[in-house]
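Shown next, in structure tokens, is the structure this report addresses.
The values are calculated or read from the model by the stated rules, or taken from the named source; none is laboratory data. In this text, all values refer to a predicted model and were calculated from it rather than measured experimentally. Neighbour counts run over all protein chains shown; Cβ positions are idealised from the backbone, glycine included. For accessibility, only protein heavy atoms count, side chains too; no ligands or nucleic acids. Shrake-Rupley method; radii C 1.70, N 1.55, O 1.52, S 1.80 Å.
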Amino acid sequence: MAIIFLLGGNVSSPLSFFVLVDFFFLLLQVTDEESHAFQLTVKKLEAALQRAKKQGIRVRALILINPHNPLGDIYPAQLLKECLEFAHRLPSIECDTSMMACCLLWLSQRELTYDLHVIVDEIYMLSVYGDAAFTSVLSLDSVPDPERTHFMWGFSKDFGMSGIRVGVLYTRNHEIQKAVNQLAVFHGCPGPVQHVLSQFISDRDWLNNVFFPTNKKRLKEAQNILVDGLAGVGIPVLKSSGGLYVWADFRKFLKSQTFEAELELWQKLLDEKLLISPGKAFYCYEPGWFRLVFSDSVDKIYLCIQRLKQILHTDAAESTANNTSSNADALCTLAEGSSGNPSNTPGDDVSQLKNILLYYNHICI
């Protein structure tokens, strides 16, 4: 899974916790041994943490987004617990000598402890439409380190209130509470907005029996329409269960397997009034993956599929025509070489022709 942020930097004051930080990304990639694409494991977290240390980055926190953005995946409860245990991991010490010796040994290995803060962003927690069960970090019976486990949520995604800039932070850490209180002096939530939202969420009967079921049904229908439409264009999609988007594989439509080609395709789609997010924006390890948002009207989803089909198929037809022309030119050159005007390196012409044909076959798959 991805993206996992390992939060580093120097903390010199309560306020600087929010501003003087660097992000160290666990790269978004697929490995051969994975049963599920972009799968998150503690082993990957460990490797990323050690890589950060080698680069001189002191990691302070781990940020988990659940449901995931951009994958739309949901962390199983067991994996969530393993990530929390990883963040709180302590070195195992076997000691059969005196207590003093054990203490000295523990102090010498203290730098091996992680003691990471874990920030769990669950901003899409109520936008789950698939079969996977969602487990909030707040629903766990216990967490390894309550003082370093923090929960975040906001109204903007689950309730479609992008203009209502109101979020929730739940933490037991008094230092973080003090820092947030200082920020709230300048970024407090207006009283009228608080009143409206409190009235809104107090109607539990309407939320549970009308809004949430209807929203879940519409999200699932919209997601099915987009996924089926993309399949018709030849674009596979990673299975998702939450969020407002899908993670789609456009790799075969790139002119080359580079991020430059990904950006070129993104710009071409943008020119045709299709705004989707390239994988590079999410620190994806390989080019060709894009995030498409489906939380819109059905008419606009169908229009998106129509434009995609037109753009991508037009590009494929042009590439086929260009390669056919290149093949003809190559055959003419080869024929000329065999009729009395041999090339200095005839093997190069044959090799070039083979490469062109291989490329031609690749884009037609």
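Quick notes
- Region 144-170 residues that are in contact (Cβ under 8 Å) with a residue 60 or more places away in the chain and under 19 Å from E82 (Cβ atoms), paired with ones that are basic (K, R) and assigned to a helix (DSSP H, G or I) (beta carbon under 9 Å, 6 or more apart): P144/K81
- Test: S35 is over 23 Å from the mean Cα position of the chain (by Cα) and either over 27 Å from F290 (Cβ atoms) or modelled with pLDDT under 95 (or both): no
- Of the residues making up region 182-191, those that are without any contact (Cβ under 8 Å) to a residue 60 or more places away in the chain and open to solvent by less than 100 Å² (accessible area, probe 1.4 Å) are A184, G188, C189, P190, G191.
- Residue in region 198-219 that is surrounded by 13 or more Cβ atoms within 10 Å (Cβ to Cβ) and of a type in the set (V, I, T) present: no
- Looking across region 236-292, the residues that are β-branched (V, I, T) and within 29 Å of F212 (Cα to Cα) come down to V237, V246, I276.
- Only one of the listed residues (M152, M125) is under 24 Å from the mean Cα position of the chain (by Cα) and farther than 24 Å from K239 by Cα. That residue is M152.
- Of all residues in region 89-118, exactly one satisfies the criterion of being open to solvent by 30 Å² or more (accessible area, probe 1.4 Å) and modelled with pLDDT of 90 or more, namely H117.
- Among residues of region 220-241, those that are outside any helix (DSSP H, G or I), in contact with a Leu (Cβ under 9 Å, 6 or more places away or on another chain), within 17 Å of D73 (Cβ to Cβ) and open to solvent by less than 60 Å² (accessible area, probe 1.4 Å), counted: 3
- Of the numbered criteria (1) open to solvent by 10 Å² or more (accessible area, probe 1.4 Å); (2) outside any loop (DSSP other than H, G, I, E, B), the one L274 fails is (2).
- Filter pass, F17 being surrounded by 13 or more Cβ atoms within 10 Å (Cβ to Cβ), assigned to a helix (DSSP H, G or I) and modelled with pLDDT under 55: yes
- When region 141-172 is filtered for residues that are farther than 20 Å from S198 by Cα, open to solvent by less than 30 Å² (accessible area, probe 1.4 Å) and in a loop (DSSP other than H, G, I, E, B), the ones remaining, listed by number, are D145, T171.
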